[in-house]
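Engineer: Structure incoming, see below.
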Amino acid sequence: MIVGKRIVSKVNNLRFYDAPSWQDKDVAGAVDAGLGFTIDAKVSVNGSPQYKVHNSKGKTYYVTANEAYVYVK
């Protein structure tokens with residue numbers, strides 16, 4: 001079970017989103033390598049996986065689940 005674990009970026013400037021989306025208009029910001037979020041769920045967006053996550057303030061975002069860019073710890 002991945003819920004409650006942390007998703008951590010492997011790369012700099014990894015985009016995260018306000019909605020389950022890959023569109024530029026939904027980009028909320030970006031994180032650098034070593035930073036991440038707490039996982040709430042795994043979702044599929046247009047056939048590609050994203051994690052629904054939250055930050056330390058409880059704000060919900062969405063981030064890629066592609067293991068080329070992120071890992072779960």
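Just so it is clear, none of the values below were taken in a lab; they were calculated from the coordinates. On a predicted model such as this, the values are computed, not experimentally measured, just so you know. Every residue, glycine among them, receives a Cβ derived from its backbone with ideal geometry; neighbour counts consider all protein chains shown.
Engineer: Let me know the charge dipole size of the chain about its Cα centre in debye, to the nearest 20, where only the beta-carbon of Lys, Arg (+1) and Asp, Glu (-1) is charged.
Structural biologist: 240
Engineer: Contact order normalised by length for the chain, with contacts defined as Cα pairs under 8 Å and 6 or more residues apart; what percent is it?
Structural biologist: Once normalised by length, the contact order is 37 percent.
Engineer: With unit charges on the beta carbon (Lys/Arg positive, Asp/Glu negative), name the residue among Thr38, Ala28, Tyr71 whose Cα is farthest towards the positive pole of the charge dipole of segment 6-72.
Structural biologist: Thr38
Engineer: Based on C-alpha coordinates, I'd like the Rg and Dmax of segment 6-72, in Å.
Structural biologist: 10.4, 29
Engineer: What aspartates and glutamates could a cross-link reach from Lys73, if we take a straight Cα to Cα line under 20 Å and drop same-chain neighbours fewer than 8 places away?
Structural biologist: Straight-line reach from Lys73, under 20 Å: Asp32, Asp40.
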